[in-house]
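Structure first, then comments.
The values are calculated or read from the model by the stated rules, or taken from the named source; none is laboratory data. Model, not experiment: these values are computed from the prediction. Backbone-built Cβ (ideal geometry, glycine too); neighbour counts: all protein chains shown.
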There are 2 protein chains.
Amino acid sequence: MIQRAFGLTTDLYELTMAAAYFENGINSRAIFDLFIRRLPNHRSFLITAGLEQALEYLSEFRFTDSQIDYLREHPSFNKVSKEFFDYLSEVRFTGDVWAMPEGTVAFGMEPLLRVEAPIIEAQVAETFLLSTINFQTMIASKASRVVAAAQTRDVIEFGTRRAHGTEAGLLAARAAFIGGCIGTSNVEAGYIFGLPTFGTLAHSFVMAFENEDQAFAAFLRLFPDTGTVLVDTYDTIAAVKRLARDFGSSVPAVRLDSGDLCELSKQVRAILDSSGMSATKIFASSDLNERSISDLLSRGAQIDAFGVGTELATSFDSPSMSAVYKLAGLERDGHMLSTIKLSDHKSTYPGAKQVWRRVGDNGGFAGDLISLADEAAPQEGVWQSLLTPMIKKGKVIAAHSNTDDTDPATLRAARLSDLNNARDRARDQVGKLPSELRRLDTTSSYRVEFSERIHEERKRIEQRLTLANHVNL
Amino acid sequence: MIQRAFGLTTDLYELTMAAAYFENGINSRAIFDLFIRRLPNHRSFLITAGLEQALEYLSEFRFTDSQIDYLREHPSFNKVSKEFFDYLSEVRFTGDVWAMPEGTVAFGMEPLLRVEAPIIEAQVAETFLLSTINFQTMIASKASRVVAAAQTRDVIEFGTRRAHGTEAGLLAARAAFIGGCIGTSNVEAGYIFGLPTFGTLAHSFVMAFENEDQAFAAFLRLFPDTGTVLVDTYDTIAAVKRLARDFGSSVPAVRLDSGDLCELSKQVRAILDSSGMSATKIFASSDLNERSISDLLSRGAQIDAFGVGTELATSFDSPSMSAVYKLAGLERDGHMLSTIKLSDHKSTYPGAKQVWRRVGDNGGFAGDLISLADEAAPQEGVWQSLLTPMIKKGKVIAAHSNTDDTDPATLRAARLSDLNNARDRARDQVGKLPSELRRLDTTSSYRVEFSERIHEERKRIEQRLTLANHVNL
């Protein structure tokens, strides 16, 4: 198995910049914002996720001797001093992190996370933070759509085999739970995060017996309370009739995995009901997504729960999220100096920020405001601040990462408790969005504005930078 | 950091099936094929990848005590006997694996890997094998397209921050190298796999200095041989002119990361050439993929190397591969009995198989044949067999996983040697494909047929299964 080495889980340019900062005596405090400019395709809001892994990474951030040996021999570093490598062997993350708690509804341009730290520490963390927050937020946001489409039915995440490797499968299960799934097929996600895990049987199991009936009997004998019987290996309707004849109401659930799920579910429901099996649930899977689920339910499909794999674990219709990590301030001569990036279409906003959300008279969300962190909430209306302190001087202060215990059972109970909170938060906040924004194909967007002071600060800096960089040509 | 626990890196249904097999005294030898039914969208061939991780997983396959304790308390397993958990604590993978070596060109319906083992061992491995082979093969196949579009120019994989988590970033870097990239920005991929790593500087680095010139000077002083200077923070053309004035031919390369890359590259090339900097390379990035690269080069862009991130590390235009893992045979009463799945559109082919590739008179590939493993090569023409033994009785016999050494430097040298072989194999085999198949938008497909004996065997089994499962209703 690959022994992961997280100190080097970064892009080379983070380390070449670190070396250049170090050799030039630059390591003053910097502010970086992690945010997405525009929402991904087919998404009208985000559900934040991945913070637990981001905080763990920062709190355990270090380089091993073997990693430093590797860097010493890297061709890029042949002019770098011994002192830089000594620095690397000692460096820890000593900064502060503010972030939206997991399960928060978020939008474009809003910092999901803000790092304030000596610039080398803050810079090297960029790659890990982006990869982790981008991926899990993307999956939680997709899950929220799938769960909404399923209305009151349960959705289980089933996608590890199609996820981008097994860690992606594990973290997709976690993020999908935050987005509203009731659990996953991934056992490791149960073991590590305490998520409820679900599973039935495969076609190969049915094929391994002389005939289907023997397979059903063997399975139901061992799993009388939880067994969901896969009925489509040979002939779905015939299989359900035989199940009804042989087992009746003791069958917990049947699973449809191919064919016309709407039509089959109606026929199967009728057979079950006419056999005194009204308590037997119908579970469906087969390349489902929010659109096909919505369509099935609108056509009256008799399905009690959905298993969603590929589409959920890969966010298939929008398989990347493009959050960026941008410098917003840098200390010079003891003062924090705000800064921005000027390039066309990729420009940024200056300074440490807070995100405020207005709560309307009906309790719903009525627009967000991005202000400088030292601005008070707007006078008019009720506003909630979304960015809260997560790490202070390198120490994780958010309750949910308080997992010094290394006993797996204790760890997963703590993690599950936090995941339940995040899932509740997401459900609560999605319910407060304008209803138009929750339609699968909505074209409306939520209002996000910058404060006057940010606009002014930005203009001022623009003039300063233009002066500094254009006059000397 | 999450402590991964690979025994449980599987779907729950693999373990409920395992328990049901165990409790019913079934653990005879089974044959499973891992294959994809249809090629993913926008792909006319695959490049296999991920086998090294699959073989490592199988050779290290086991459950820890803590994992077994977790399963004991799982609600699904409350009727399962103590003997099953004792079995799990001892189980190792004892079977055989045949597979296509990494870097092999492959097509739909062809087994990429075949497992022959006691059915419980073979079944539980399904999820890990699918996730690993699906992901890396998808990325290597995408990389092959991007590299082809770049013609003779170098392509570097840049996508960890947009990959589906950091392990996906690491493995995408590995798979992209097999597909033809010259390296990656991911330092961990350098540390673990020995891949060449590349990096420049970020806009934040430029912004951290009083002005751009100071940033350039600080960077080039430290990286005089490898420094690629990012020139688009404020004004690309102005920055290149100042670089030429201040540093001249000592600048190794410049990087364009925004704007009209074609037009900018021509202007930048002209400035560099007129300043005696014809050796200075132009590197470009900015949401590139095979189509935009092909378009840039057809319009005469003056770009020497490309950095490709999101599109490559997520296979953005086709972000999942749907390989399946299907039972093809099961021993009964001492005889291996072939089997198939019958369901419409999801049917399978029986028995242990070999894949043969015909080599035409010109040395090019002229069609594949999937036969039973005990069939000889067809009489007529020259044929190569693609599936080779990788694990025998649980022992990895393929040279490339012979990494008992645990010294990181030794390990990465061994892995890199294997990766270079895989990359060479892919380049060689892609070169032997019909040229029509290599066009980015080809609609033609490669001929893959099943042998007569497989067709006959399939018909025979179909009759037997229909009889066993339909007459008893």
Residue hits (segment A:184-206; facing chain B (nearest Cβ under 7 Å) and under 14 Å from B:ALA18 (Cα atoms)) are A:VAL187, A:GLY199, A:THR200, A:LEU201, A:ALA202, A:HIS203, A:SER204, A:PHE205
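Rundown of residues vs (1) modelled with pLDDT under 95; (2) more than 28 Å from B:LYS393 (Cβ to Cβ); (3) basic (Lys, Arg), yes/no style:
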residue: B:LEU39; (1), (2), (3): no, yes, no
residue: B:ARG43; (1), (2), (3): no, yes, yes
residue: B:LEU46; (1), (2), (3): no, yes, no
residue: B:GLU60; (1), (2), (3): yes, no, no
residue: B:PHE63; (1), (2), (3): no, no, no
residue: B:GLU73; (1), (2), (3): no, yes, no
Among the numbered criteria (1) within 8 Å of chain B (Cβ to nearest Cβ); (2) in contact with a His (Cβ under 8 Å, 6 or more places away or on another chain); (3) over 13 Å from B:ASN469 (Cβ atoms); (4) not β-branched (Val, Ile, Thr), which single criterion is violated by A:PRO224? (2)
Here are some conditions: (1) in contact with a Phe, Trp or Tyr (Cβ under 8 Å, 6 or more places away or on another chain); (2) under 21 Å from B:GLY50 (Cβ atoms); (3) among the hydrophobic types (A, V, I, L, M, F, W, C). B:CYS181 meets all but one. Which one does it not meet? (1)
Output yes when any residue across segment A:328-339 is more than 26 Å from the chain's Cα centre (by Cα), of a type in the set (Lys, Arg) and either buried (at least 23 other Cβ atoms within 10 Å of the Cβ) or closer than 30 Å to B:VAL231 by Cα (or both), and no when none is. yes
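May I ask you to list the residues in segment B:288-303 that are crowded, with 16+ Cβ neighbours inside 10 Å and not hydrophobic (A, V, I, L, M, F, W, C)?
Correct list: B:ASN289, B:GLU290, B:ARG291, B:SER292, B:SER294, B:GLN302.
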Residues satisfying the stated conditions in segment B:266-287, i.e. crowded, with 23+ Cβ neighbours inside 10 Å and either assigned to a strand (DSSP E or B) or of a type in the set (Gly, Ala, Ser) (or both): B:ILE282, B:PHE283, B:ALA284
Of all residues in segment A:328-358 being free of Cβ contacts under 8 Å to residues at least 40 places away in the same chain and hydrophobic (A, V, I, L, M, F, W, C), the one that is farthest from A:THR388 (Cα to Cα): A:LEU337
B:LEU416 fails exactly one of the following numbered conditions: (1) surrounded by 13 or more Cβ atoms within 10 Å (Cβ to Cβ); (2) modelled with pLDDT of 95 or more; (3) away from chain A (no Cβ under 14 Å). What is the number of that condition? (3)
List every residue pair whose Cβ atoms lie under 8 Å apart, where the two residues are 6 or more positions apart in sequence or sit on different chains, the first residue falls within segment A:434-456 and is β-branched (Val, Ile, Thr), and the second residue, located anywhere, is part of a loop (DSSP other than H, G, I, E, B) and surrounded by 16 or more Cβ atoms within 10 Å (Cβ to Cβ). A:THR442/A:SER44; A:VAL448/A:PHE107; A:VAL448/A:GLY108; A:VAL448/A:MET109; A:VAL448/A:GLU110; A:ILE454/A:TYR349; A:ILE454/A:PRO350; A:ILE454/A:GLY351
If B:ALA238 satisfies every condition in (1) out of contact with any His (no Cβ under 7 Å at 6 or more places or on another chain); (2) at the interface with another protein chain (Cβ under 7 Å from one of its Cβ atoms) but one, which is the exception? (1)
Out of A:SER66, A:SER28, report the one residue that is in contact with a helix residue (DSSP H, G or I) (Cβ under 6 Å, 6 or more places away or on another chain) and at the interface with chain B (Cβ under 9 Å from one of its Cβ atoms). A:SER66
B:TYR325: assigned to a strand (DSSP E or B) and among the aromatic types (Phe, Trp, Tyr), yes or no? yes
Mind listing whichever residues of segment B:5-54 are within 27 Å of B:SER76 (Cα to Cα) and of a type in the set (Gly, Ala, Ser)? B:ALA5, B:GLY7, B:ALA18, B:ALA19, B:ALA20, B:GLY25, B:SER28, B:ALA30
Hey, A:ALA106 hits all of (1) touching a helix residue (DSSP H, G or I) at 6+ places or on another chain (Cβ under 7 Å); (2) closer than 30 Å to A:PHE177 by Cα but one; which does it fall short on? (1)
Go over the candidates B:LEU58, B:LEU88, B:LEU15 one by one and state the one that is buried (at least 19 other Cβ atoms within 10 Å of the Cβ), more than 9 Å from every other protein chain (Cβ to nearest Cβ) and farther than 25 Å from B:GLY179 by Cβ. B:LEU88
Could you tell me which of the residues B:GLY103, B:GLY159, B:GLY95 is modelled with pLDDT of 95 or more, away from every other protein chain (no Cβ under 14 Å), surrounded by 24 or more Cβ atoms within 10 Å (Cβ to Cβ) and touching an Asp or Glu at 6+ places or on another chain (Cβ under 8 Å)? B:GLY103
Restricting to segment A:328-362, name every residue that is within 11 Å of chain B (Cβ to nearest Cβ) and outside any strand (DSSP E or B). A:THR339, A:ILE340, A:LYS341, A:LEU342, A:SER343, A:ASP344, A:HIS345, A:LYS346, A:SER347, A:THR348, A:PRO350
Result of the Cβ filter at 9 Å on segment A:119-138, keeping first residues that are more than 7 Å from chain B (Cβ to nearest Cβ) and partners that are basic (Lys, Arg) and assigned to a helix (DSSP H, G or I), at least 6 apart or interchain, is A:GLU126/B:ARG161; A:LEU129/B:ARG161; A:GLN136/A:ARG174
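With more than 9 Å from chain B (Cβ to nearest Cβ) and within 30 Å of A:ARG174 (Cα to Cα) as the only criterion, which of A:ALA253, A:ALA244 stands out? Full working, then the answer.
On the way: A:ALA244 fails: within 30 Å of A:ARG174 (Cα to Cα).
None of the other options fit; the residue is A:ALA253.
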So which residues in segment B:363-389 are closer than 21 Å to B:SER445 by Cβ and assigned to a strand (DSSP E or B)? B:PHE365, B:ALA366, B:GLY367, B:ASP368, B:LEU369, B:ILE370, B:SER371, B:TRP383, B:GLN384
Only one residue in B:ASP295, B:ASP287, B:ASP257, B:ASP246 is acidic (Asp, Glu) and more than 20 Å from B:ALA150 (Cβ to Cβ). Which one? B:ASP246
